[in-house]
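These notes are about the structure you will find just below.
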Amino acid sequence: MNEILNFFLSIARTPSILVGLVAVLGLLLQKKDSTEVISGGLKTFVGFLVLTGGSGVITDALTPFGKMFMQAFHVQGVVPNNEAFTATALTKYGSATAMILLIAMIVNVILARISHFKYIYLSGHVMINMSCMLAVLLAVAGFTEIPSIIVGGTFLGLFDTIMPALIQPFVKKVTKSDEIAIAHTGDFGYLIAGLVAKVVGDPSKSTEDLHVSKKVSFLRDNTIAVTITMAVAYLIIALFAGPVYVEKLSGGINYIIYALIESGSFSAGVYIMLAGVRMILNELIPAFKGISTKLVPNAKAGLDIPILFTFAPNAVIIGFFSSFVGGLVATLLMVLCHTTIVIPGVVAHFMCGGAAGVIGNTVGGRRGCIIGSFIHGLLISFVPIILIPVLGHLGLGTASYADADFGIVGSYVGYSGLLGGRSLIIAALVAALVIFFIVSIILDKKQKNAVKSAK
């Protein structure tokens, strides 16, 4: 029995297989022939592996960048890294984490079926991180394993249903369609970046329309532009870190050569990741129509954040640097205020800051991209500090969660437990469900009235 359960949990924890099976299910519901079903499922599966492979190359290239940064400026503190914190916590909370994930997926489908919010959260890898955080928070609040699984799974299922809806208006503008949604633990941060960009920006001046002289027209190639931009950044950090440290980090490679290799690797990772995104979009969207018409009418597939990167590649890089600068400013403020110091997490600032840049550019042009991403960088820099009081002994470590949604969900659940224990957490869950259904009913009525008016 345990082997069967572990098999299904392994599928739930592996997004490439999960998304591939979703494509297969969608095609079967459309009664496609076996050739199309197999082809669609395999291409979606491989596309996700290409995407995650590219993300892995980017992470591997950014890791030494972060180490060189700490060496260059002699700072130590909490490093926001979702995977690092989860890896530490799973040793004690692994079984609860897995079961919370499974319950959450079931709750997500049920809520999407019966409510106004038709979002199916397919980013299983980020769900694992949120499941783990909830397992820790509920254990700290005094829940035993079975109640924590039920409460945590319901919380996460509710969160997975509602969070993509918050930024769907922005996603529709970016993609110029309403076929996909974004399911990522940075959704609240993207919402803030988009709202800021809308207020301060000018959408008529896009990052993708930057004037480039004919003499340097080769910079229009995104791969070349990213490589040169990152090469400059790596070389500056390598010079500040010093040849001795960098060559020790690189295993004896000349520090300038190493900086160039890592910048090229970063660019290669971006290229691979975008290729995976294109494969997924080409296969999953047509396949998902089967689910949206049969199982959950009008459902939208909630996909990982790199899905947006193909729509504004320049905004991704500008958003990354703007968010990172926001992180640097936040770190300086922490030093001046003598609080816990949060080192800018380079991976989080690239993935989440890049997405904030794409959304900011769409609604506020270049200025919206820069300012929205900068505010986003400030926001995610304070998430680890917010979570320290509610994560028990794990909150005192050198790693913590990075993305904005961890701060929102973690604060809601964790501080409820801190203030009122298990009873207040359960009350907070009931209140969240009541508000969810009230809003759902209001939006359903509004939609029906709009349809009647159109007729």
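The values are calculated or read from the model by the stated rules, or taken from the named source; none is laboratory data. The shown structure was predicted, so the numbers you read here are calculated from the model rather than taken from an experiment. Every residue, glycine as well, gets a Cβ built from its backbone with ideal geometry; the counts of neighbours run over all protein chains shown. Side chains are part of the model used for accessible areas, which takes the heavy atoms of the whole protein and leaves out ligands, DNA and RNA. Shrake-Rupley method; radii C 1.70, N 1.55, O 1.52, S 1.80 Å.
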Dipole of the chain [Lys/Arg +1, Asp/Glu -1 at C-beta], most positive-end residue of 137, 453, 106: 453
Accessible area per residue in Å² at 1.4 Å probe, computed on the chain: 44
Residue 182 long-range amide H proximity, modeled H, under 5 Å: 303
Order by protection proxy (mean Cβ within 10 Å, highest first), peptides 358-365, 381-388: 358-365, 381-388
Apportionment of accessible area to carbon and sulfur, the chain, percent (1.4 Å): 68
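As a test of the definition: which semi-axes, in Å, follow for the range 1-125 when you take the square root of five times each eigenvalue of its alpha carbon gyration tensor? Largest first, please.
Gyration-tensor ellipsoid for the range 1-125: 34, 21, 15 Å.
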Net charge dipole size for the chain [Lys, Arg +1 and Asp, Glu -1 on Cβ; Debye, nearest 20]: 1300
Mean Kyte hydropathy of -1.0 or more with a Cα span along the axis of at least 27 Å, helices from DSSP in the chain: 34-73, 82-114, 145-175, 222-241, 255-294, 313-337, 404-454
FRET efficiency estimate (nearest 0.05) - Cβ-Cβ, residue 176 to residue 240, R0 60 angstrom: 0.90
With 5 Å bins from 0: P(r) over the range 256-306, alpha-carbon pairs, percent: 5, 17, 17, 14, 13, 9, 8, 6, 5, 3, 2, 0
Nearest-10 value in Å² for the accessible area of residue 422, using the 1.4 Å probe: 130
Sites residue 228 and residue 31, calculated FRET efficiency, Cβ-Cβ separation with R0 51 Å, nearest 0.05: 0.55
In nm, spacing of pseudo-spin labels at residue 282 and residue 338 (7 Å Cα→C-beta vector): 6.0
Amide H contacts of residue 119 (H built 1.01 Å from N, under 5 Å, at least 5 apart or other chain): 300
For residue 341, distant residues with modelled amide H under 5 Å away: 78
